[in-house]
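J.: Structure provided below as structure tokens; questions to follow.
The values are calculated or read from the model by the stated rules, or taken from the named source; none is laboratory data. Keep in mind that this is a model prediction, so the values were computed, not measured. Here Cβ is always computed from backbone atoms with ideal geometry, including for glycine, and neighbour counts include all displayed protein chains.
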Amino acid sequence: MNEQKTLERLRYWVFEEKKWTKAEFARRMKIQAQHVNGYLEGKHDLENLYFYLQREGCDVTWLQTGEKRSNEAELLQKLKESGIDTTEKLDELLRLGEAAGDFMKSAQRLAKLQSK
């Protein structure tokens with residue numbers, strides 16, 4: 001992995017895509033402001049921030065390689081924007097989806113019985 005390219009992509013994502021200031025980056029990455037330049041210049045290990053970067057919608061695979069992965073980062077961002085920001089809320093959403101699927105199957109069976 002080319003560290004300079006990774007850092008270039010990080011700076012692009014932070015300042016161009018997200019339009020964050022260094023202070024905003026520090027706040028969202030849960031780091032002290034004095035450590036921001038260290039991360040942006042490669043003096044600190046970026047892996048420490050991967051969880052927070054992903055949570056904010058960064059495709060860490062793209063960050064590392066320059067190649068887009070699946071839409072996982074976009075999906076996580078859309079879930080977060082929809083208020084699904086904890087595993088408990090995701091579990092609830094999945095249970096609702098499962099219940100809706102069960103309801104549709106029951107409705108289809110009922111429709112078949114009524115058509116006979």
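J.: Checking Gln4 against (1) surrounded by 10 or more Cβ atoms within 10 Å (Cβ to Cβ); (2) in contact (Cβ under 8 Å) with a residue 24 or more places away in the chain; (3) part of a helix (DSSP H, G or I), which single condition isn't satisfied?
T.: It is condition (1) that Gln4 fails.
J.: Further question on the same structure: Taking Trp62 as the residue in question, decide whether it is modelled with pLDDT under 95 and of a type in the set (Phe, Trp, Tyr). Break it down stepwise before answering.
T.: Numbers: modelled with pLDDT under 95: yes; of a type in the set (Phe, Trp, Tyr): yes.
For Trp62, the condition - modelled with pLDDT under 95 and of a type in the set (Phe, Trp, Tyr) - is met.
To keep it simple, each residue is scored yes or no on (1) acidic (Asp, Glu); (2) in the same structural domain as Leu10 (by TED's automatic domain parsing).
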| site | (1), (2) |
| --- | --- |
| Asn48 | no, yes |
| Phe51 | no, yes |
| Gln54 | no, yes |
| Asp59 | yes, yes |
| Leu79 | no, yes |
| Asp102 | yes, no |
| Lys112 | no, no |
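J.: I'd like the residue in segment 40-63 that is surrounded by 15 or more Cβ atoms within 10 Å (Cβ to Cβ) and of a type in the set (Asp, Glu) and, out of all such residues, is nearest to Asp85 (Cα to Cα).
T.: Glu56
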